[in-house]
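Peer 1: Take this structure, written in structure tokens, and hold onto it; I'll ask about it next.
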Amino acid sequence: MQDDTFNDAVIERDPATGHPRPPRREFKARGSFVTRCEGCHLPALNCLCPYRVSAESEAKVWLLTHPLEHHKPTNTGRLIADVLSDTEVFTWYRTAPDARLLALLDDERFDPFVIFPDDQPDYTDRVVGMERVAAGKQSGRVPVFIILDGTWRQARRIFRKSPYLERLPVLPLATERLTRYRLRKPASAAHLCTAEVAIELLRQSGDREAAEVLDDTFDAFNDSYAASRRHHKLEAPTPAMRRLLERAAR
């Protein structure tokens, strides 16, 4: 997964024109002064590195991440990349789409889907269900879930302001799962964080083991970070951490 910091040239100049941008205040995420582990980026008080477990999945996850998300230590997209090593992470810029992403979208090996709600009438003709994912797998193509990684407002902007996504099918996440994410307050309990979206997609598309590993990793992340915010050292592994240790020992 790519570094969580911006390249200085990207901040100071517009990526499309190269023209200098006006000065802006340095972005400081909450918790930016906390001592963090260089491996897992979590507070060193409750490092998650001992519980890191990788998994393989038939479906792939590509994250199209809003620039500000890279600054946030509470971003859960990095958990997906920690578990699924072939996860692709692209930074979204409205005027300068990632050339590598555009090339991958044209690669016939992949069957990409934009993960987005089906709540507006202007793209109903693009909305598909999980059966379309299964059909693509049967034809030999690799399903790719493109998750728009940011706040709901940012995700809607990415969806609306990215012409190269307009030709892709839209796959809404159909689930009754409520968020267990405790580090940010969502507008609704039905609004899942990035990692939770990936967990449900993997589970529904048949990659159940990868979904379980990511689910445990997400729970361990939640518990570790919440304890660190209270300056509390976890003296014993949580149930999710124990399951990850058991998997690592196999």
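The values are calculated or read from the model by the stated rules, or taken from the named source; none is laboratory data. Since the model is a prediction, treat every value here as computed from it, not as a measurement. We place every Cβ from the backbone using ideal geometry, glycine too, and count neighbours over all the protein chains shown. Accessible surface areas use protein heavy atoms only, side chains included; no ligands, DNA or RNA. Shrake-Rupley method; radii C 1.70, N 1.55, O 1.52, S 1.80 Å.
Peer 1: Name the single residue, out of those in the range 47-93 being open to solvent by 20 Å² or more (accessible area, probe 1.4 Å), part of a helix (DSSP H, G or I) and of a type in the set (A, V, I, L, M, F, W, C), that is nearest to His232 (Cα to Cα).
Peer 2: Selected residue: Cys49.
Peer 1: Would you check if there is a residue in the range 60-67 being over 30 Å from Ala227 (Cβ atoms), among the charged types (D, E, K, R) and without any contact (Cβ under 8 Å) to a residue 40 or more places away in the chain?
Peer 2: No; the residues of the range 60-67 include none that is over 30 Å from Ala227 (Cβ atoms), among the charged types (D, E, K, R) and without any contact (Cβ under 8 Å) to a residue 40 or more places away in the chain.
Peer 1: With in contact with a Lys or Arg (Cβ under 6 Å, 6 or more places away or on another chain), basic (Lys, Arg) and open to solvent by 70 Å² or more (accessible area, probe 1.4 Å) as the only criterion, which of Lys233, Lys161 stands out?
Peer 2: Lys161
Peer 1: While we're looking at this one, here's another question. Just checking, which of Glu209, Glu166, Glu200 is modelled with pLDDT of 95 or more, crowded, with 17+ Cβ neighbours inside 10 Å and among the charged types (D, E, K, R)?
Peer 2: None of the other options fit; the residue is Glu200.
Peer 1: Something else about it: Which of the residues belonging to the range 17-40 are open to solvent by less than 80 Å² (accessible area, probe 1.4 Å), modelled with pLDDT of 85 or more and assigned to a loop (DSSP other than H, G, I, E, B)?
Peer 2: Cys37, Gly39, Cys40
Peer 1: Could you check how many residues of the range 112-144 are in a strand (DSSP E or B) and touching a residue at least 60 places away in the same chain (Cβ under 8 Å)?
Peer 2: 4
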